[in-house]
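A quick write-up on the structure given underneath.
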Amino acid sequence: MPDTIRVRFAPSPTGMFHVGGARSALFNWAVARQQADGKFVLRIEDTDEARNRPEWVSGILSALSAIHINESDPAFEGPYFQSHNTAGQREATIRLYREGKAYYCDCTREELVKRTGSQHLGYDGFCRDRGLEYEEGRALRFRTPDTGVTVVADVVRGATEFPNNAIEDFVIARGNGNPVFVLANAVDDIREGITHVIRGEEHLSNTPKQQLLWEAFGAEPPVWAHLPVIVNEKRQKLSKRRDKVALEDYLAEGYLPDTLTNYLMLLGWGPGDDVEIRPYAELEKLFRLEDVNKSSAFFDVKKLAAFNGEYIRALPLEGFIRACHRWLEAPHAPWAPGQYDEAKFRAVAELAQTRIAVLSEITKYVDWLFLDGAPHDEASWAKAMKAGARDILVSTGTRWAAGEWTAEALKEGLEAAAAEHGLKLGKAQAPVRVAVTGRTVGLPLFESVEVLGREQTLDRIDTAVGKLGAE
Ligand code: GLU
């Protein structure tokens, strides 16, 4: 094993940060940080012109910092840009040509299909010994050794042997001289002194080719580790067309950065003791590349939400209040800015903290405090406002109007109204809850009503009574 570990994370900018990329980044980060002078190189694979947007790079950096990977950390190196080394990559292809390890080829796809009789067979070596020189339009192909085997030793998947004669003479530079992905990736890795390539399993098919390139350049191939695919509940590979995959979307919905970091670290790996929820610093120490699973990792959104609920409950109250602010203000809040009352929110914050799993849910737990009148939720109304609802509302309203305004007294008032109509407290609570808060579920009723205050509560009860009378 090389002395100083140098890993890399090599995203192709796409305008969003895929959770699979975040998982790869975290595993790389842990490996780098476990060694005192280990390095994590960030290399932006931006050779595709359309992917050269500066804001996408800042998006990558801010997503990384959300999951504990900070540019200011001594383990962090870069970012480097693949596009800045185009000359080096071209030079490398020409070197292989000069050394007889690559040759120019002018075969068209049609010709190849005609010769091999198939769309799917690899290149047949037609131009191997034709001695073609470079001309616009001629691709450069790597001359794969005729004999021997390439053994890819993967920490996660074990050693796999690829007979060299089964690896086609693959293209390393296109007809315009531009190096292709497998070449650029290997050249940059060598130049950056990468010792461990830890990346998604989708790159496995490139690996024997890349290893041959490392060897052709006289470099010692890296330690490979291909991380298992991440799948949804139908066991389909997560896809941006079908699934929510952007880390930014989870953050925007109110998943805490610590939750995401913790959860992503467990996609394909777990600490031996099964204690899943634990701080990043601990996970980083416990992580072992050797213990990563081969089988696909299920991205379980329900489990992620449960984790987030735990993280939310572990926040100090002030931290929770701060974290909620974003959703209590425009444009997220459904009330006009002037209607928000911090003191009222504070009065119910602790009750909400124990109930929500995702921060964006906060508005629906407290909107009734800041909107004019109870929010209208058709399903809740239909469920709670059955026969007898009007009587319970009238009788509760009368008692509350005359009583003290404390949660305890309010409860006693409703209990008395329930008894008067021969109802259990739970049954009697439903119409009152919907009349005041708009929904059948929410924060504890009496504490909520106490915070809302006498005037508004009684108004809302009157409004509901009026509505029921008119129905
Ligand atoms: N740029 C490649 C990607 O985003 C990663 C290549 C690699 O990690 O080797 O999929």
Handout entry: Nitroxide proxy distance, nm - points 7 Å out along Cα→Cβ at residue 174 and residue 301
Key = 3.6 nm
Practice task
Extending each Cα 7 Å along its Cβ direction at residue 346 and residue 459, get the distance between those two points in nm, one decimal.
Solution key: 2.4 nm
Fill in the blank from the handout: The cysteines in the chain that find no other cysteine Cβ closer than 4.7 Å to their own Cβ are 107, 324
Problem - 1.4 Å probe accessible area per residue over the chain, in Å² - result: 47 Å²
Completion exercise
For region 232-324, one quarter of the surface area of the C-alpha convex hull, expressed in nm², comes to 6.8 nm²
Practice task
Could you give the size of the charge dipole of the chain about its Cα centre, using +1 on the Cβ of each K and R and -1 on the Cβ of each D and E, expressed in debye and rounded to the nearest 20?
Solution key: 960 debye
Fill in the blank from the handout: The helix 454-470 Cα axis meets the longest alpha-carbon principal axis of the chain at an angle in degrees, between 0 and 90 and rounded to 10, of 90 degrees
Exercise for the section: List the residues whose amide H sits under 5 Å from the amide H of residue 132, counting only those 5 or more places along or on another chain, with H placed 1.01 Å from N in the peptide plane. Expected result: 104
Practice task
Report the calculated FRET efficiency for residue 354 and residue 35 (r = Cβ-Cβ distance, R0 = 35 Å), to the nearest 0.05.
Solution key: 0.30
Problem - In nm, spacing of pseudo-spin labels at residue 470 and residue 419 (7 Å Cα→C-beta vector) - result: 3.6 nm
Practice task
Calculate, in nm to one decimal, what residue 217 and residue 329 gain on full extension: separation in residues at 0.36 nm each, minus their alpha carbon distance.
Solution key: 34.6 nm
Handout entry: Crossing angle, helix 425-437 versus the chain [Cα axis fit, 0-90 degrees, rounded to tens]
Key = 70 degrees
Practice task
Any chance you could tell me what percent of the C-alpha pair distances in region 340-403 go past 13 Å?
Solution key: 74 percent
Fill in the blank from the handout: Computed from the beta carbon distance with a Förster radius of 25 Å, FRET efficiency for residue 14 and residue 84 to the nearest 0.05 stands at 0.80
Problem - Under 16 Å from residue 386, Cα to Cα: lysines that are on another chain or at least 8 residues apart - result: 424, 427, 467
Handout entry: Full-extension gain in nm, residue 70 to residue 109, via 0.36 nm per residue minus C-alpha separation
Key = 9.5 nm
Completion exercise
Output ordering of 159-169, 217-227 (per-residue mean of other Cβ within 10 Å, highest first) is 217-227, 159-169
Problem - Karplus 3J(HN,Hα) series, Hz, for region 130-142 with 6.51 cos²θ - 1.76 cosθ + 1.60 (x for Gly, Pro) - result: 8, x, 5, 9, 5, 8, 3, x, 8, 7, 9, 10, 7
Exercise for the section: Restricting things to alpha carbons, find the Rg to Rh ratio for region 1-139 using the Kirkwood radius for Rh. Expected result: 1.11
Problem - Over 25 Å between alpha carbons, listed pairs 209/240; 237/294; 39/101; 101/237 - result: 209/240; 39/101; 101/237
Exercise for the section: For residue 405 and residue 274, compute 0.36 nm times the residue count separating them, minus their Cα-Cα distance, and round to one decimal in nm. Expected result: 42.3 nm
Problem - Hypothetical label at residue 317: residues of region 360-385 whose amide nitrogen lies under 15 Å (7 Å Cα-Cβ projection) - result: none
Exercise for the section: With N denoting the number of residues in the chain, provide Rg(C-alpha) divided by 2.2 N^0.38 Å, to two decimal places. Expected result: 1.36
Completion exercise
Spelling it out for residue 230: with amide H atoms placed in the peptide plane at 1.01 Å from N, the residues 5 or more places away or on another chain with amide H under 5 Å from its amide H are 238, 297
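The values are calculated or read from the model by the stated rules, or taken from the named source; none is laboratory data. Note that this is a predicted model, so its numbers are computed, not measured. So basically every Cβ, Gly included, is an ideal-geometry build from the backbone, and we count neighbours across all protein chains shown. These area figures cover heavy atoms from the full protein model, side chains too; ligands, DNA and RNA do not enter into them. Shrake-Rupley method; radii C 1.70, N 1.55, O 1.52, S 1.80 Å.
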